[in-house]
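Notes to accompany the following structure.
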Amino acid sequence: MVIRRTQSRPLKDIIEEVLKSSGINQKLQEREMVRQWDDLVGITIARSTETIYIKDRKLHVTIRSSVIRNELMMIRDGLKIELNRRSGHDLIDEIVIR
């Protein structure tokens, strides 16, 4: 049996299509956004960060220091905009700081 291919597609395009259809692509983008947190906020705030994750388009961040937590509360809209800009996608709608 001979199989003829009428259309050739680059493997990269096929992989991207599979990642998008399975939802893995968004999870990878969210994971990359979480990794960028340290670069965005700096070493002092990164050291004070206990947990950070994305759920339902909300970035959840737990901070040990109440002073740092209050500072982040005041600039969280700017942080959201910058994280979305760095990722190149509109992944988060809100930042929840605890």
message = At 222 nm, what value in deg cm²/dmol follows for the chain if DSSP H runs of at least 4 each add -39500 (n - 2.57) and the sum is divided by all its residues, to the nearest 500?
response = -19000 deg cm²/dmol
key: Distance between modelled label sites at residue 43 and residue 29, nm, 7 Å Cα→Cβ extension   = 3.2 nm
ask   = About the Cα centre of the chain, what is the dipole size in debye to 20, counting +1 per Lys and Arg Cβ and -1 per Asp and Glu Cβ, all else neutral?
value = 340 debye
ask   = Under 16 Å Cα-Cα from residue 20, which lysines qualify once same-chain neighbours fewer than 8 residues away are excluded?
value = 12
request  = For residue 58, list the lysines whose Cα falls under 18 Å from its own Cα; do not include residues on the same chain fewer than 8 positions away.
outcome  = 27, 80
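Report the FRET efficiency, 1/(1 + (r/R0)^6), for residue 55 and residue 15, where r is their Cβ-Cβ distance and R0 is 22 Å, rounded to 0.05.
That gives a FRET efficiency of 0.25.
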request  = Round to the nearest 10 and give me the degree value, 0 to 90, for the angle of helix 11-22's Cα axis relative to the longest principal axis of the chain.
outcome  = 60 degrees
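Could you give the length gained by full extension between residue 71 and residue 36, i.e. 0.36 nm per residue of separation minus their alpha carbon distance, to one decimal place?
On the way: separation 35, 0.36 × 35 = 12.60 nm, distance 1.87 nm.
So the extension gain works out to 10.7 nm.
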request  = Using +1 at the Cβ of each Lys and Arg and -1 at the Cβ of each Asp and Glu in the chain, identify which of 15, 49, 79 lies farthest towards the dipole's positive end.
outcome  = 15
ask   = Karplus couplings for region 32-46 from phi (6.51 cos²θ - 1.76 cosθ + 1.60, θ = phi - 60°), rounded to Hz, Gly and Pro as x?
value = 5, 5, 4, 5, 7, 4, 4, 5, 6, 8, x, 5, 5, 6, 4
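Any read-out appearing in this document is the output of simple, stated calculations on the displayed coordinates, not a laboratory observation. Here the structure is a predicted model, which means the values were calculated and not measured. Using ideal geometry, Cβ is built from the backbone for each residue, glycine included, and neighbour counts are taken over all protein chains shown.
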